[in-house]
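> I'd like to ask you about the structure that follows.
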Amino acid sequence: MVRSRLEGLGEASLLIVDLYYTVSLVHEAASGHALYECTDAVLRDNARGEGRSWKRPEHAREAIYHIAGLLGEEGFSGRVLLVADAQVPHSAVALRESLEALEEHGYPAEGLLARKADTALVERAASHYDAAVLTGDRVVLERVGRVATLGRLPPTWRVVRLGALIEEARRRVWCPEDK
């Protein structure tokens, strides 16, 4: 599996975005909640322990503005496919808001309102050899070839780097497998 931050997307011709994951992640971070950079370099949130929800569909526009800014910084010239989960309330509205936001930034984008978003993400990635998928869903991550993660985060976002915490704990605590 190839891992890259958004800055590594130059060679990909298609970015497939798990819209629910992306909107939830950016909204949580922008609301002052911590994100967790896991040992697989993927950012995740805890959705405040309440489960994710769209709260307001315009959060999708805010999240896509962030993604579009990163794409612009990296000179990404490919297409973008936004995949939204039809089972989540207000997904169609969030998808429309997101497509409009990408259009405002000059990115050609398509939207897919899927009954099973995870399956759609994997199938679309499999049908494009140079596609990258932006998601934090473990099931999808294990089944796609190229994973994109959010790069350069705003300095106001709190990120807990779990890999660094684990390494620090290993240095302080004797671990039998470290012999």
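> From ARG44, ARG61, grab the single residue that is surrounded by fewer than 22 Cβ atoms within 10 Å (Cβ to Cβ), under 22 Å from THR119 (Cβ atoms) and either modelled with pLDDT of 75 or more or in contact with an Asp or Glu (Cβ under 6 Å, 6 or more places away or on another chain) (or both).
ARG44
> On to the next question. Can you pull out every residue in the range 87-143 that is part of a helix (DSSP H, G or I), among the small types (Gly, Ala, Ser) and either closer than 23 Å to ALA68 by Cβ or modelled with pLDDT under 90 (or both)?
SER91, ALA92, ALA94, SER98, ALA101, ALA117, ALA120, ALA125 - these are the residues of the range 87-143 that are part of a helix (DSSP H, G or I), among the small types (Gly, Ala, Ser) and either closer than 23 Å to ALA68 by Cβ or modelled with pLDDT under 90 (or both).
> Can you tell which of ASP130, ASP137 is among the acidic types (Asp, Glu), within 17 Å of the chain's Cα centre (by Cα) and under 24 Å from ALA41 (Cα atoms)?
Result: ASP137 is the single residue among ASP130, ASP137 that is among the acidic types (Asp, Glu), within 17 Å of the chain's Cα centre (by Cα) and under 24 Å from ALA41 (Cα atoms).
> Go through the range 64-98 and report how many residues are surrounded by fewer than 19 Cβ atoms within 10 Å (Cβ to Cβ), within 15 Å of ALA114 (Cβ to Cβ) and of a type in the set (A, V, I, L, M, F, W, C).
3
> Kindly provide the set of residues from the range 20-41 that are over 16 Å from LEU134 (Cα atoms), of a type outside the set (Asp, Glu) and either modelled with pLDDT of 80 or more or outside any loop (DSSP other than H, G, I, E, B) (or both), ordered by number.
Matches in the range 20-41: ALA29, ALA30, GLY32, HIS33, ALA34.
> Which ones in the range 117-128 are farther than 26 Å from ALA30 by Cβ and in contact (Cβ under 8 Å) with a residue 12 or more places away in the chain?
ALA120, VAL122, ARG124, ALA125, ALA126, HIS128
> Can you name the residue in the range 152-173 that is basic (Lys, Arg) and part of a helix (DSSP H, G or I) and is also nearest to TYR36 (Cα to Cα) among such residues?
If we take residues in the range 152-173 being basic (Lys, Arg) and part of a helix (DSSP H, G or I), then ARG170 is nearest to TYR36 (Cα to Cα).
> Read through the list (1) among the β-branched types (Val, Ile, Thr); (2) touching a strand residue (DSSP E or B) at 6+ places or on another chain (Cβ under 7 Å); (3) at pLDDT below 80, then give the number of the only condition that VAL147 fails.
For VAL147, the exception is condition (3).
> Looking at the range 144-173, I want the residues that are among the basic types (Lys, Arg) and have a partner that is not in a helix (DSSP H, G or I) with Cβ atoms under 6 Å, at least 6 apart or on another chain. Which pairs are those?
Close Cβ pairs satisfying both conditions: ARG146/VAL2; ARG146/ALA132; ARG158/ALA34; ARG161/GLU37.
The values are calculated or read from the model by the stated rules, or taken from the named source; none is laboratory data. All figures in this text were calculated on a predicted structure; none of them were measured in a lab. Positions of Cβ are generated from backbone atoms using ideal geometry, with glycine treated the same way; all protein chains shown enter the neighbour counts.
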